[in-house]
Amino acid sequence: MPDNVNSQVTDALTQLQSATMDPGVVVMEGKGKAFQSISQSMAIAIQDAVDYMRNVSTMSATAQGVAMAKFLETKNQEYLDKALKDAIDMATKAADSFGKISASAKEVLGDFDPAS
C-alpha cells in the first residue's frame with residue numbers, strides 16, 4: 001500500500017466531509033426532512049378528511065333519497081322535516097370538519113420554519 005496519497009484526493013475528501021458532516025449542514029438537512037415529513041402527514045390528514053366528506057356525502061344523499069321516497073309513499077311530513085334535515089346536517093358537519101382539518105394543517109405548516 002502506498003504511503004503517499006495525492007494531495008488533491010485528500011483535499012477533495014476533506015471538503016466532502018466538511019460539506020456533509022458540518023453540524024450546520026446536518027441540522028439543516030434534519031429540519032428539511034422534518035418539514036417534509038410534517039407536510040406529508042398534513043397531506044394525508046387532508047386526504048382522509050376528503051374521503052370522510054365523500055363517504056358522508058354519499059350516506060347523506062342516500063338518506064335524503066330514502067326520506068323523499070318515504071314521504072312520497074306515506075305523505076308523512078316528518079320524513080321531510082326530520083330525516084331530510086338530519087341528512088343535510090350530516091353533510092354540512094362533514095364539510096365543516098374538512099375545513100377545520102385543512103385550516104389546522106395550514107397552521108401547523110405555517111408555524112414550522114425549517115430555516116430556524
Next item on the list: Measure off, as a whole percent, the carbon and sulfur share of the 1.4 Å-probe accessible area of the chain, all protein chains present.
Entry: 60
Check: Which listed residue (VAL26, THR62, ALA103) has the Cα farthest towards the positive end of the charge dipole for the chain, taking +1 on Lys and Arg C-beta and -1 on Asp and Glu C-beta about the Cα centre?
Finding: THR62
Checklist line | Span from the region 1-72 Cα centroid across to the region 75-116 one, whole angstrom | finding: 25
Note to self: Rounded, prolate or oblate for the chain? Axes are the square roots of the Cα gyration tensor eigenvalues, ordered a ≥ b ≥ c, and the cut-off for rounded is a/c under 1.5.
What the structure shows: prolate
Next item on the list: Could you tell me whether region 52-116 comes out rounded, prolate or oblate from its Cα gyration tensor? Rule is a ≥ b ≥ c as square roots of the eigenvalues, rounded for a/c under 1.5, then prolate if a/b exceeds b/c, otherwise oblate.
Entry: prolate
Margin query: Placing unit charges on C-beta atoms (Lys and Arg positive, Asp and Glu negative, everything else neutral), compute the dipole magnitude of the chain about its Cα centre in debye, rounded to 20.
Written below: 640
Check: So how much slack lies between ARG54 and THR14, counting 0.36 nm per residue of separation and subtracting their Cα-Cα distance, in nm?
Finding: 8.8 nm
Note to self: Using a Cα-Cα cut-off of under 27 Å, which lysines could be cross-linked to LYS70, ignoring same-chain neighbours fewer than 8 residues away?
What the structure shows: LYS82, LYS85, LYS93
Next item on the list: Please list, or write none, the lysines whose alpha carbon is within less than 25 Å of the alpha carbon of LYS31, excluding same-chain residues fewer than 8 places away.
Entry: LYS106
Item checked: Sequence of GLU29, GLU107 from largest to smallest accessible area, 1.4 Å probe -> GLU107, GLU29
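The values are calculated or read from the model by the stated rules, or taken from the named source; none is laboratory data. Predicted model, so just to flag it, every value in this text is computed and none were measured. Don't worry about glycine lacking a Cβ; one is built from the backbone with ideal geometry, like all the others, and counts go over all protein chains shown. The accessibility values were calculated without ligands, DNA or RNA, using every heavy atom of the protein model including side chains. Shrake-Rupley method; radii C 1.70, N 1.55, O 1.52, S 1.80 Å.
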